[in-house]
Amino acid sequence: QSTTYSIIDKGALKISHSFDLAGKELTEQIAKSLSIDYIAAENLKRKYGLILSSQNIKDIISPLIDSILRETERISSNFFQSENKEVDKFIIAGGAALIPGIKEYFQGHFNKEIEIANPFLNIYCPPILEKILKEMGPAYAIAVGLALRGLE
């Protein structure tokens with residue numbers, strides 16, 4: 001439903017800002033542009049995302065993602081002006097982090113280190129589950145974080 005951009009400095013939350021634009025709007029824009037249903041649009045988003053395809057999904061969703069990038073840039077700029085520190089690295093989490101090409105798209109815009117969140121990284125699991133947990137991990141970042149918080 002929304003995107004939250006948080007800046008962490010030395011383990012402390014400095015800024016957290018949410019705005020009403022997320023994966024759901026990307027899917028709705030694909031559905032509207034291609035005159036298809038929501039499920040088919042979601043499947044196209046997950047399959048092609050920001051990778052060039054015959055479906056032109058990138059052309060449909062990149063303006064919305066650019067809005068997220070501009071808002072992120074504005075917040076980063078305000079942080080730099082108030083703290084005199086630049087953001088060194090971006091970690092993308094949530095379902096939209098699974099969009100093919102999103103990491104490269106962010107890297108091309110910010111020219112900084114971009115990482116896709118892996119909340120299961122330091123959690124033991126049977127080796128057979130490692131690949132699937134890494135693939136679906138970004139969508140569960142908040143749930144895993146809250147669950148681990150309860151164990152501390």
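The values are calculated or read from the model by the stated rules, or taken from the named source; none is laboratory data. Predicted model, so just to flag it, every value in this text is computed and none were measured. Note that we place each Cβ from the backbone using ideal geometry, even for glycine, and neighbour counts take in every protein chain shown. Areas reflect the complete protein model, heavy atoms only, side chains present, ligands, DNA and RNA absent. Shrake-Rupley method; radii C 1.70, N 1.55, O 1.52, S 1.80 Å.
If you check 48, 38, which single one turns out to be more than 18 Å from the chain's Cα centre (by Cα) and of a type outside the set (Val, Ile, Thr)?
38
Here residue 90 fulfils each of the conditions (1) surrounded by 12 or more Cβ atoms within 10 Å (Cβ to Cβ); (2) modelled with pLDDT of 95 or more apart from (2). Name the residues in segment 5-41 that are open to solvent by 30 Å² or more (accessible area, probe 1.4 Å) and within 21 Å of residue 135 (Cα to Cα), would you? Within segment 5-41, 24, 39, 40 qualify.
Filter segment 129-138 down to residues that are of a type in the set (A, V, I, L, M) and open to solvent by 50 Å² or more (accessible area, probe 1.4 Å) and give me whichever is modelled with the lowest pLDDT. Talk me through it step by step, then tell me what you get.
If we filter segment 129-138 for residues that are of a type in the set (A, V, I, L, M), which is where we start, we get 129, 132-133, 136.
Narrowing further to those that are open to solvent by 50 Å² or more (accessible area, probe 1.4 Å): 129, 132, 136.
Numbers: 129: 87, 132: 86, 136: 82.
Among residues in segment 129-138 that are of a type in the set (A, V, I, L, M) and open to solvent by 50 Å² or more (accessible area, probe 1.4 Å), the one modelled with the lowest pLDDT is 136.
Identify, from the list 79, 106, the residue that is of a type in the set (A, V, I, L, M, F, W, C), over 24 Å from residue 57 (Cβ atoms) and assigned to a helix (DSSP H, G or I). Spell out the reasoning first.
Values: 106 fails: over 24 Å from residue 57 (Cβ atoms).
Only one candidate passes the filter, namely 79.
For segment 83-91, the condition holds for at least one residue, the condition being that it is in a loop (DSSP other than H, G, I, E, B), closer than 26 Å to residue 11 by Cβ, in contact with a helix residue (DSSP H, G or I) (Cβ under 9 Å, 6 or more places away or on another chain) and not acidic (Asp, Glu).
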